[in-house]
Every structure is written in C-alpha cells, then in structure tokens.
Amino acid sequence: VIEKNKNKKLVIILFVILFLLGAKLPKKNLFQSLLDISKGTIIENGVKLISEDSLGKEKSFQQILNSLDIEETEIKDYKENEKKVIIEFQKESLRGYIQQEHIKDKNLSRTTMVLIEKNSENILDDLKKSGNKILNGNLKIYSYMKVKINTEDLDSANKKIIERLNYNINTVKIINGYSNFLENKSFQYALVNYSSGSYLIMGEPQIFELY
C-alpha cells in the first residue's frame, strides 16, 4: 500500500512539473484544446480517408455507398473523366464524396472518401472508425472540425490561442482572418470571419475543406 501511494505521489508531482514547465499538449488533444480555449460551438466534424490498393482489389462505389447506407436519391452529383470518377452525396446531416482513380503505371487504385457531419459534439473518432471499416489498404486519414466562436476580434483570439498552446506556430494573414500551422504543419487551424459569423476551423495534418 505504501509503495502504491509513493507511485501515485510521483505521478502527481510529474504532472505538476510538466504543467509548470509549460509542457506541450499531446497532438491528439489539440482539437479539444483549441475548442476549450475558444469556448466555441462545434458546427461540423469531418474526415478524409485515402486508400491505395492493387488494381482490382479496391472496393466498388456501390459497396461503399451501401456501407454508408446512401440511397440513389441521396446522390447529388456524378462526374467522370479518363482519370477518375467522383460521386457526391447528401444524407440528412451527412455529406461528402467518393473519388476513385486508377494509376495504371503503378498498378494502383486510389480511393478518397470524405465524410462531413453536422453535429455539435466531437465525433471525429466515430467518423474515423466508420471510415476504417469501409475502406481497405494503406490508409491516410485527415481530420477536420468547424467551430463557431463568439468574437469578431480575430487578432486577439489568435494571440490567446498562441499563448495558451505553447507551440511553435507559423501564422499567415489571409483576407478574412488568420491561418496557422503547428509542428511543421502537422496541425493547422484558421480563424475566419464570414457574413454568418466568426469561425475556428481545424485540420490534422491540415484543413482539407475550403475556408
């Protein structure tokens, strides 16, 4: 019992020291960290998954649409050319697209699937799990979150985030706000003003939606 208590005390002391030294937050917590700092409201979550398979082993469009439970009436657009095919869909609060392209000189088929869901909760992990179940092969995963914030003073909001995060951050001024890159661009966030309000937009390793 004494040994267990000593271990617990050592863990607590370690956390206190790390906090006092301004230890950086784990990358997996950056979405939640920026959400807490901004005190904003989540508008939508999204993931982009890219899968590469040998030609002929990729999942068909119909298999993917069936896995997502997308009906024919929920398909909003279909585009096809010599290099790739894209299907866009909208189902209640979920929207996105599926793209497939054949890279014949490498004997590869690349499938890209984007899922964006309007939801006020952080459901990134759920979307990633769903995507992992649908696609095969060597997966690359991008994460995205859009948050509404209650300030038009983006300069002050950006300074506050930079101070609180304690990371090396590269900031670029854009027409309607700021774009920021953390840890050699493995995480990106933007603060933007639109006619509909001000938003914090986050992406890992980068934002894949237009903003």
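Data for the structure
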| quantity | calculated |
| --- | --- |
| Of all residues making up the range 80-102, the number that are in a strand (DSSP E or B), in contact with a strand residue (DSSP E or B) (Cβ under 6 Å, 6 or more places away or on another chain) and open to solvent by less than 90 Å² (accessible area, probe 1.4 Å) | 15 |
| Selection from the range 25-77 of residues that are over 30 Å from Asn193 (Cα atoms) and among the aromatic types (Phe, Trp, Tyr) | Phe61 |
| Boolean, Leu210 is open to solvent by less than 30 Å² (accessible area, probe 1.4 Å) and not polar (S, T, N, Q) | no |
| Index of the failed condition, Asp77 passing every other in (1) at pLDDT 95 or above; (2) part of a loop (DSSP other than H, G, I, E, B); (3) surrounded by fewer than 15 Cβ atoms within 10 Å (Cβ to Cβ) | (2) |
| Index of the failed condition, Asn168 passing every other in (1) touching a Lys or Arg at 6+ places or on another chain (Cβ under 8 Å); (2) open to solvent by 20 Å² or more (accessible area, probe 1.4 Å); (3) modelled with pLDDT under 95; (4) not β-branched (Val, Ile, Thr) | (1) |
| Selection count where residues are open to solvent by 10 Å² or more (accessible area, probe 1.4 Å), closer than 14 Å to Leu135 by Cα and either at pLDDT 95 or above or in contact with a Gly (Cβ under 7 Å, 6 or more places away or on another chain) (or both), scope the range 28-55 | 4 |
| Which listed residue, of Glu92, Glu71, is free of Cβ contacts under 8 Å to residues at least 60 places away in the same chain and over 18 Å from Ile134 (Cα atoms) | Glu92 |
| Residues being touching a Lys or Arg at 6+ places or on another chain (Cβ under 7 Å), modelled with pLDDT under 95 and open to solvent by 50 Å² or more (accessible area, probe 1.4 Å) - total across the range 122-146 | 1 |
| Hits in the range 126-176 (condition: over 30 Å from Tyr97 (Cα atoms) and among the β-branched types (Val, Ile, Thr)) | Thr151, Ile161, Ile162, Ile169, Thr171 |
| Residue list for the range 147-163, filter: open to solvent by 50 Å² or more (accessible area, probe 1.4 Å) and either basic (Lys, Arg) or assigned to a helix (DSSP H, G or I) (or both) | Lys148, Asp155, Ser156, Lys159, Lys160, Ile162, Glu163 |
| Single residue of the range 176-207 satisfying the filter (among the hydroxyl-bearing types (Ser, Thr, Tyr) and open to solvent by less than 50 Å² (accessible area, probe 1.4 Å)) that is nearest to Glu117 (Cα to Cα) | Tyr199 |
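This table checks each residue for (1) open to solvent by 70 Å² or more (accessible area, probe 1.4 Å); (2) in a strand (DSSP E or B); (3) modelled with pLDDT of 95 or more.
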{"residue": "Leu65", "(1), (2), (3)": "no, no, yes"}
{"residue": "Ser109", "(1), (2), (3)": "no, yes, no"}
{"residue": "Val114", "(1), (2), (3)": "no, yes, yes"}
{"residue": "Ser120", "(1), (2), (3)": "yes, no, yes"}
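The values are calculated or read from the model by the stated rules, or taken from the named source; none is laboratory data. Please read all numbers here as calculations on a predicted model, not as lab measurements. Cβ: placed from backbone, ideal geometry, glycine included. Neighbour counts: every protein chain shown. These accessible areas exclude ligands, DNA and RNA; they are computed on the full protein's heavy atoms, side chains included. Shrake-Rupley method; radii C 1.70, N 1.55, O 1.52, S 1.80 Å.
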